[in-house]
Ligand code: GZL
């Protein structure tokens, strides 16, 4: 007798590490790889933490199996950047039944029971980002004395059904609807990748090249591809077609300095330390804020140069 009794919900021994299972959606863009590096660096620099990392190549089924593996391995907390908004209730219920807290990062999940199935979320307001792109265009047209001028708009959307695409698209389309002589004449997903952004823009230029005045590209990687497509048909990006993009990568801000992109709405991926800190608190059963919004700015020819080089 006399052995210390093991209580069931054992607290971590003081030198035992906290294991975080991170289901990252993919490596589709410079934003995503910078976000991954930010999380991995933060984990690397924290002696209390062991990070188990999984890249789902933008496939929801891969994220679901990664989360199931983390549950099997008995990680202390799960972090997940969901590729699309819906289809998560079942696997998050399995995590809840296993008593493993869940931190959602970057993108949002949607579903009638979702609110009870995750513990915290850190990210950005995608609809607000779309609205800030519209506001920049409105201010620009006013400054140029062209607020009543008709505008034909091409719209490169992100991964269909992702909260980033749904939110930015809502901000953009609702903004366009406020102007009776603005019209979206081309709209298609480029899946947040440079290659697909180029392909889709090539198709837009073929069917409507001479009529497009503005391009909204829901991330910088697609905008970089779109610029190539515009130049390939002999038009000047930033002049013949006003280009408004999202993220704030080094590549994109260099294009702003070169006048090929006119506006970039910032959406920083560099909050890996916040992700690790919040995950640790959840693993220790500490209370954390349910929603934390990362603050962001906006770049154009007035401030791009002073903000280079960009950290991603
Ligand atoms: C936005 C994030 C998006 C970026 C893209 O919060 O989810 O995914 O805008 C990335 O570059 O692929």
For the pair residue 273/residue 113, report the inter-label distance in nm, with labels modelled 7 Å from Cα in the Cβ direction. 3.8 nm
Antiparallel content of DSSP bridges confined to the chain, in %, to 5: 5 percent
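State the extension gain, in nm to one decimal, for the chain segment bounded by residue 203 and residue 97, taking 0.36 nm per residue of separation less the distance between their alpha-carbons.
On the way: separation 106, 0.36 × 106 = 38.16 nm, distance 4.79 nm.
Stretched fully, the residue 203-residue 97 segment lengthens by 33.4 nm.
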Pairwise centroid distance, computed over Cα atoms, of region 86-110 with region 23-72, Å: 15 Å
Which value in nm describes the separation of the simple spin-label points at residue 302 and residue 65, placed 7 Å from the Cα toward the beta carbon? 5.1 nm
Out of 45, 62, 219, a Gaussian network model of the chain with alpha-carbon springs under 10 Å gives the largest mean-square fluctuation to 45
Which residue fluctuates the most in the chain, going by a Gaussian network model with Cα springs under 10 Å, if the choices are 112, 260, 135? 112
Taking the Cα atoms only, what angle lies between the long axis of helix 30-44 and the longest principal axis of the chain, rounded to 10 degrees? 30 degrees
Please check which bits of region 92-129 a label hung off residue 86 would reach, taking the label as a point 7 Å along Cα-to-C-beta and the cut-off as backbone N under 13 Å. 110-113
Between residue 178 and residue 138, what length comes free when the chain is fully extended (0.36 nm per residue of separation minus the Cα-Cα distance, one decimal in nm)? 13.3 nm
Along Cα→Cβ, 7 Å out, is where each label goes; now give me the distance between the ones at residue 128 and residue 232 in nm to one decimal. 3.7 nm
Taking Cα atoms, how many degrees apart are the long axis of helix 163-177 and the longest axis of the chain, rounded to 10 and kept between 0 and 90? 30 degrees
On Cα atoms only, tilt of 126-143 relative to the major axis of the chain in degrees: 20 degrees
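Helix-only mean residue ellipticity at 222 nm, the chain, DSSP H runs n ≥ 4 weighted -39,500 (n - 2.57), per residue, nearest 500. What is it? It would help to have the intermediate numbers written out before the result.
Numbers: 9 runs with 119 residues, N = 312.
Mean residue ellipticity, 222 nm, calculated: -12000 deg cm²/dmol.
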Bins of 10 Å from zero: percent of alpha-carbon pairs in the chain: 6, 26, 30, 19, 12, 4, 1, 1, 0
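Need one number: % antiparallel among DSSP beta bridges in region 162-312, to the nearest 5. If you can, show how the numbers build up before the last one.
Details: 3 of 11 bridges.
Beta bridges within region 162-312, antiparallel portion: roughly 25 percent.
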Calculated FRET efficiency, residue 73 and residue 33, Cβ-Cβ r, R0 35 Å, to nearest 0.05? 0.90
Report the full-extension gain for the segment residue 187 to residue 52: residue separation times 0.36 nm, less the Cα-Cα distance, to one decimal in nm. 44.8 nm
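Read the figures in this text as sums done on the coordinates, not as results from a lab. In this text the structure is predicted, and so the values were computed from the model without any measurement. A quick note on method: Cβ atoms are made from the backbone with ideal geometry, for glycine too, and the neighbour counts reach across all protein chains shown.
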